[in-house]
Amino acid sequence: MSQVFHNFVAMNLNLENIELFKQLLAQPQKVVILSHTNPDGDAIGSSLAVAEVLRGHGHTVHCILPNKFPYYLKWMPNTDELIIHSNDKLGIAQSVIAAADIVICADMSSLSRLEALTETIAQNTTAKRILIDHHLNPSSEFDLVFSSPESSSTAYLVYEILKAAYGKEVFNQNIATLLYVGMITDTGNFAFSTINPELFRAAADLLETGIDVPTIYNNVYNSFTEGRARLFGYVINRKMKTLLKGTVAYMSLTEEEMRKFWFQQGDSEGFVNYPLSIKKVKMSAMFSEQQGGFIRVSLRSHGSVDVNTFARRYFNGGGHHNAAGGKSFMNMEDTIAHYIAAVEEYHKEGLV
Ligand code: 5GP
Ligand code: MN
């Protein structure tokens, strides 16, 4: 059976919103672009692409991330300009937010994903708020909302918005590289069920700028440290456990284990996907201890298993149908016990 693809751009990217976007940005504005904690290729690529285009149209733009991004994304164009709030001893983030006319949040559905910056945005600025995002359940905290949960990445949505507002000519090689990274990192290099023909048309437009796809691929997927490779081997061999006759997997990583493998921020990104390469496995979880005394929860699934609902229900989180996350404030042992009980409950309801 062939898959039916919806032309979701026509449905969700209404031209009224594009007109509002252009009106808000008709005169030179002070713009701040923010994205989510533990930023990924989509968060960084989308933010920096919007920044570069708006700068080209006379705006003053700053990009802020709540915390550090993975070292293997440092090569992406313009990452030097990113203001990392957790390292921001001079308070630059606070002052550019206070001075902003417009705040754009990319690749996140609620201000709470900004963690320590949430209050600053909620209280220290009267700037207009624009949301550009592809997560489910966008919050009502924004003045202008581009929300497309059907979109495989925020980068794809950014591509459509920028194309509709300014025309394809704005995509130079840097912007195309940034958007391409967002598209591949959120779709497993164009492999997840979220892809559609429009995404490939968008990618074709980006390729026409002359971007170097094999180099981008190697930069994203083959640029890790030896420590990361060894940590990965350890986690799969020693820490992966299964439940429900091998159909549900989970893994955990403590700070002590991370230290042993010279852990750098980002080293365990993607580990959660690996158990899904086992044919029987339809849901996978990764628990990793974080500075600040909580456990980060990452969830992935195949097909009908809904980890967005699971993350909301059991780990105070959210995300997408097949990729979600949350937090636990219990210790590792209790977190895992909570997960096992949650999986059993989910199973009894026929949800996994
Ligand atoms: P990851 O496992 O890569 O951290 O996150 C997977 C997906 O879940 C991403 O789309 C991310 O935005 C979402 N996500 C991760 N952690 C949280 C969280 O604590 N709260 C919410 N609402 N979403 C999360
Ligand atoms: Mn995304």
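Once you order the gyration tensor axes a ≥ b ≥ c over the Cα atoms, which shape class does the stretch 134-205 get: rounded for a/c under 1.5, otherwise prolate or oblate by comparing a/b with b/c? Let's see the in-between values first.
Details: a/c = 2.00, a/b = 1.16, b/c = 1.72.
Oblate, since a/c reaches 1.5 and b/c is not below a/b.
A Förster radius of 35 Å, combined with the Cβ-Cβ distance separating Arg55 from Ser193, puts the computed FRET efficiency at roughly 0.50. GNM on the chain, alpha-carbon springs under 10 angstrom: the most fluctuating residue among Gly326, Gly56, Gly45 is Gly56. Charges were assigned to the Cβ only: +1 to each Lys and Arg, -1 to each Asp and Glu. The resulting dipole of the stretch 228-348 about its Cα centre is roughly 440 debye. One chain, two ends: Ile236 and Asn273. Fully extended at 0.36 nm per residue, the span grows by 12.2 nm beyond their Cα-Cα distance. Only the Cβ atoms of Lys and Arg (+1) and of Asp and Glu (-1) were treated as charged; on that basis the dipole of the chain about its Cα centre amounts to roughly 840 debye.
The relative contact order of the chain comes to 13 percent, based on Cα pairs under 8 Å that sit 6 or more residues apart.
When you filter the trypsin sites (Lys or Arg not before Pro) in the stretch 80-156 for DSSP loop state and at most 11 other Cβ atoms inside 10 Å of their Cβ, you are left with Lys89.
Exceeding 25 Å between C-alpha atoms, which entries from my cross-link table qualify? They are Lys282/Lys348; Lys22/Lys89; Lys68/Lys282; Lys280/Lys348. Spell out each step's value before the answer.
Values: Lys282/Lys348 16 Å; Lys22/Lys89 34 Å; Lys68/Lys282 31 Å; Lys280/Lys348 18 Å.
Too far apart for the 25 Å limit: Lys22/Lys89; Lys68/Lys282.
Show me the GluC sites (Glu not before Pro) within the stretch 273-352 that DSSP assigns to loop and that have at most 14 other Cβ atoms within 10 Å of their Cβ.
Numbers: sites: Glu289, Glu333, Glu344, Glu345, Glu349; in loops: Glu349.
Answer in residue order: Glu349.
Restricting to the chain, compute how many DSSP beta bridges are antiparallel as a %, nearest 5. If I count the DSSP bridges inside the chain, around 40 percent turn out antiparallel. Here the chain exposes an accessible surface that is 51 percent carbon and sulfur, computed with a 1.4 Å probe and the other protein chains kept in place. Between the C-alpha center of the stretch 231-265 and that of the stretch 65-140 there is a gap of 30 Å. Seen against the Cα atoms of the chain and their longest principal axis, helix 15-24 is set at about 70 degrees.
Charges at C-beta only: +1 for Lys and Arg, -1 for Asp and Glu. How large is the resulting dipole of the stretch 1-138 about its Cα centre, in Debye rounded to 20?
Values: 9 positive and 13 negative charges, 38 e Å.
It works out to roughly 180 debye.
Rounded to the nearest 500, what is the 222 nm mean residue ellipticity of the chain from helices alone, with -39500 (n - 2.57) per DSSP H run of 4+ residues and division by all residues? Show your work: numbers first, answer last.
Working: 13 runs with 134 residues, N = 352.
Result for the chain, helices only: -11500 deg cm²/dmol.
Provide the FRET efficiency to the nearest 0.05 for the Glu345-Ser304 pair, computing r from the beta carbons and using R0 = 25 Å. Could you put the intermediate results ahead of the total?
On the way: r = 17 Å, r/R0 = 0.68.
In this case the efficiency is close to 0.90.
Fully extending the segment from Glu150 to Thr118, taken as 0.36 nm per residue of separation minus the present Cα-Cα distance, adds 8.9 nm.
Placing a label point 7 Å from the Cα of Glu16 along the Cα-to-Cβ direction, the residues of the stretch 151-171 with a backbone N closer than 20 Å are 161-162, 164-165. Angle of helix 197-207 to the longest C-alpha principal axis of the chain, folded into 0 to 90 degrees and rounded to 10: 60°. Computed from Cα positions, the angle between helix 154-166 and the longest principal axis of the chain comes to roughly 10 degrees.
How large is the accessible surface per residue of the stretch 228-348, computed with a 1.4 Å probe and reported in Å² as a whole number? Show your work: numbers first, answer last.
Numbers: 6110 Å² over 121 residues.
Result: 51 Å² of accessible area for each residue.
When the Gaussian network model of the chain links Cα atoms closer than 10 Å, the mean-square fluctuations of Thr335, Thr215, Thr225 top out at Thr215.
Determine the shape class of the stretch 102-238: with a ≥ b ≥ c the square roots of the Cα gyration tensor eigenvalues, call it rounded for a/c under 1.5, and otherwise prolate if a/b is greater than b/c, oblate otherwise.
Numbers: a/c = 1.97, a/b = 1.20, b/c = 1.64.
Oblate.
The values are calculated or read from the model by the stated rules, or taken from the named source; none is laboratory data. All figures in this text were calculated on a predicted structure; none of them were measured in a lab. Glycine gets a Cβ as well: all are built from the backbone with ideal geometry, and neighbour counts include every protein chain shown. To get the accessible areas, we keep the full protein, side chains included, count just its heavy atoms, and leave off ligands, DNA and RNA. Shrake-Rupley method; radii C 1.70, N 1.55, O 1.52, S 1.80 Å.
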